[in-house]
Amino acid sequence: MPSDVGKPFHAREFATLTTRVQQEIERRILTAEIKAGERIGEAALAESLGVSRGPVREAMRGLERAGLVEINANRGAIVRSIGLDEVAGLYALRGAIFALACECVARRRTDAILAKLLDQVVGMEEAVANDALDTYYRMNVEFHATILELSGNARARSTYEGIVKEMHLFRRRGLSKVPNIASSLAEHRTIIEAIDRGDPAAAREAGRYHVEQGCKRFLGTLGAAGGESAQETSAEPAASDRMTG
């Protein structure tokens with residue numbers, strides 16, 4: 001087993017290593033290499049990462065704070081499983097934060113901000129026209145992230161990102177298509193138009209409505225899949241299985 005015994009202690013190096021270890025474990029969780037409900041063995045994980053157990057233990061504490069794992073005194077660290085009720089609650093929180101971010105961006109509106117957001121929306125529309133759903137999903141995530149970044153509210157941004165990560169703990173069987181994608185695109189345009197007018201109230205409502213409708217679209221896909229309640233994990237959720245909006 002790897003050991004740091006005999007090596008000089010450098011707090012900065014330890015902190016950097018812990019961060020890198022946490023990022024790698026987080027990646028494995030979010031891509032379901034480590035599945036929901038699975039126990040994470042510190043020793044085995046440290047061995048696979050080529051580090052001692054110290055950084056792994058610290059990384060687990062960080063992941064617990066992020067809501068991705070639960071640490072039990074008897075069972076150790078376990079990847080969280082979340083159900084539909086919690087997903088709906090996370091959508092509500094996400095909608096409130098995104099609405100605030102849209103309002104802030106409208107207040108800070110500049111030609112450069114508008115051009116950046118328009119470029120992303122056009123890119124999403126082109127991706128859909130070309131049936132490139134993976135590209136659409138990636139650009140949709142980037143659009144939302146850009147709104148949060150441009151809002152100037154760092155705390156809102158970090159909280160939003162944490163919520164999105166938690167939502168990835170919910171896994172479903174792949175579905176045949178992304179539903180009502182035209183509606184999602186239209187909602188993006190409505191947000192842009194409110195920001196362009198410099199209308200904070202309209203931008204806030206457009207952002208809230210967009211996430212609310214995204215929740216309804218997502219829940220609708222679950223019903224279309226037959227109303228099954230069991231969670232299913234996969235190496236990477238298909239574009240049709242991702243929670244957009």
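The values are calculated or read from the model by the stated rules, or taken from the named source; none is laboratory data. Just so you know, these numbers come straight off a predicted model, no measurement behind them. Note that we place each Cβ from the backbone using ideal geometry, even for glycine, and neighbour counts take in every protein chain shown. Ligands, DNA and RNA are stripped out before the accessible areas are found, and what is left, the full protein with its side chains, is counted by its heavy atoms. Shrake-Rupley method; radii C 1.70, N 1.55, O 1.52, S 1.80 Å.
May I ask you to verify whether R172 is modelled with pLDDT of 85 or more and open to solvent by 10 Å² or more (accessible area, probe 1.4 Å)? Against the criterion (modelled with pLDDT of 85 or more and open to solvent by 10 Å² or more (accessible area, probe 1.4 Å)), R172 does not qualify. I97 meets all of the listed conditions (1) more than 18 Å from the chain's Cα centre (by Cα); (2) part of a helix (DSSP H, G or I); (3) of a type in the set (A, V, I, L, M) but one, namely (1).
When we screen D131, D119 for residues that are in a helix (DSSP H, G or I) and either touching a helix residue (DSSP H, G or I) at 6+ places or on another chain (Cβ under 8 Å) or without any contact (Cβ under 8 Å) to a residue 40 or more places away in the chain (or both), the only hit is D119. In the range 125-161, the residue that is surrounded by the fewest Cβ atoms within 10 Å (Cβ to Cβ) out of those that are within 18 Å of the chain's Cα centre (by Cα) and over 22 Å from I97 (Cα atoms) is D134. The number of residues in the range 48-68 that are without any contact (Cβ under 8 Å) to a residue 40 or more places away in the chain and within 23 Å of S81 (Cα to Cα) comes to 6.
When you look at A59, is it buried (at least 19 other Cβ atoms within 10 Å of the Cβ) and modelled with pLDDT under 90, yes or no? No. Residue-level check: of (1) without any contact (Cβ under 8 Å) to a residue 12 or more places away in the chain; (2) outside any strand (DSSP E or B), I71 misses just (2). Out of L30, L45, one residue alone is free of Cβ contacts under 8 Å to residues at least 24 places away in the same chain and surrounded by 16 or more Cβ atoms within 10 Å (Cβ to Cβ). It is L45. If you filter the range 111-124 down to residues that are open to solvent by 60 Å² or more (accessible area, probe 1.4 Å) and not aliphatic (A, V, I, L, M), you find that the one that is farthest from T146 (Cα to Cα) is D111. Out of the residues in the range 175-194 that are open to solvent by less than 20 Å² (accessible area, probe 1.4 Å) and either more than 21 Å from the chain's Cα centre (by Cα) or modelled with pLDDT under 80 (or both), state the one that is farthest from L117 (Cα to Cα). Among residues in the range 175-194 that are open to solvent by less than 20 Å² (accessible area, probe 1.4 Å) and either more than 21 Å from the chain's Cα centre (by Cα) or modelled with pLDDT under 80 (or both), the one farthest from L117 (Cα to Cα) is A194.
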